[in-house]
Amino acid sequence: MCVPGCQEAVRHALSRRGLFKGAGAFAAAATAPQPAAAAPARAFSAAVDLTHTMSPDFPTFFGVAGIEMDKKFDFKKDGFNLYWWRILEHAGTHLDAPIHFSETGATAEKIPADTLVVSLAVVDVTAKAAQNPDYLVTRDDLAAWERRHRRLPDNCCVAMHSGWGQYAGNAVKFTGKDSAGVLHFPGFGLDAAEWLMRERKVVGIAVDTLSLDHGPSKDFKVHSAWLPSGRWGLENVANLDKVPASGATLVVGLAKVKDATGGPARLIALV
Ligand SMILES: [Zn+2]
């Protein structure tokens, strides 16, 4: 299955491959007697890690440990170290696959690699979220991004930067859980998500909070609209304050597990 805009993503990847080929040619030339003129060793200047460190302490939506690690072999005793992991698919920095909210959507291993290397658009709503922890990204926020930068590029990922990433070490603040057990953190508004689906070619949305839908949501409208359309989501994204609002390339290193509804992902932004 190819999500909307997949073909453009393939063309984009091919043009990038041309750049990498150039880097390979340089490496080969470096060993030749007459080095070629200098060429960039890689087509980006920095790789920014957008991934939180996973541990049993990382806050989860369900309030339970997202990973248990059982050391089965120890270097001193066995000559090597090895853990058995038991993990919650949707914990830490992770991807929501289409199957997460649909009967027949793509599972993790079926998401095409070409849709996991994409342009990254970062929508800064930190000031609004600081005033309202239940803030929902609006169509106006997306329009403001386009006015400041350009039309959202095809096959991009649109990320909400709410500022919540800085609270990941503090479960009370990160989940915003109140005395009634209701969570409070920002997310995407349904109208904004629907507009992205209808009017732009976006392959994924990302949030620096626990869920695409904001904390108080009980009906998960954004999950229910977005994922069944064949698009993916990313949650608990880190360091969105360290990447430009426009121009970075996001590499989604999703664990490739058969039938998975999502899973841990190492997210790297090439800047
Ligand atoms: Zn999830």
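Any read-out appearing in this document is the output of simple, stated calculations on the displayed coordinates, not a laboratory observation. Note that the structure is a prediction, hence the values are computed from the model and not measured. We place every Cβ from the backbone using ideal geometry, glycine too, and count neighbours over all the protein chains shown.
Being in contact (Cβ under 8 Å) with a residue 12 or more places away in the chain and within 16 Å of the ligand (Cβ to nearest atom) holds for only one residue in V237, V251, V271, V203, and it is V237. Picking from residues in segment 69-87 that are in contact with a strand residue (DSSP E or B) (Cβ under 7 Å, 6 or more places away or on another chain) and in a loop (DSSP other than H, G, I, E, B), the one that is nearest to the ligand (Cβ to nearest atom) is N81.
Filter segment 254-266 for residues that are surrounded by 16 or more Cβ atoms within 10 Å (Cβ to Cβ) and more than 15 Å from W85 (Cα to Cα); which is nearest to the ligand (Cβ to nearest atom)? Taking the candidates together, the pick is G262.
From the list H100, H90, the lone residue that is within 16 Å of the ligand (Cβ to nearest atom) and in a loop (DSSP other than H, G, I, E, B) is H90.
Only a single criterion out of (1) part of a loop (DSSP other than H, G, I, E, B); (2) over 24 Å from K110 (Cβ atoms) is not satisfied by S211, namely (2). Within segment 108-118, the presence of at least one residue that is surrounded by fewer than 20 Cβ atoms within 10 Å (Cβ to Cβ) and in contact with a Cys (Cβ under 7 Å, 6 or more places away or on another chain) is confirmed.
Close contacts from segment 96-107, counting a first residue that is closer than 21 Å to A159 by Cβ and a second that is of a type in the set (S, T, Y) and more than 10 Å from the ligand (Cβ to nearest atom), with Cβ to Cβ under 7 Å and a gap of 6+ residues or different chains, come to A97/T107; F101/S224. The single condition among (1) touching a residue at least 40 places away in the same chain (Cβ under 8 Å); (2) more than 18 Å from the chain's Cα centre (by Cα) that N81 does not meet is (1). With respect to the conditions (1) closer than 25 Å to A113 by Cα; (2) within 16 Å of the ligand (Cβ to nearest atom); (3) in a loop (DSSP other than H, G, I, E, B), S217 falls short on a single one, namely (1).
Inside segment 46-64, residues that are of a type outside the set (V, I, T) and away from the ligand (no atom under 16 Å from the Cβ) make up a count of 6.
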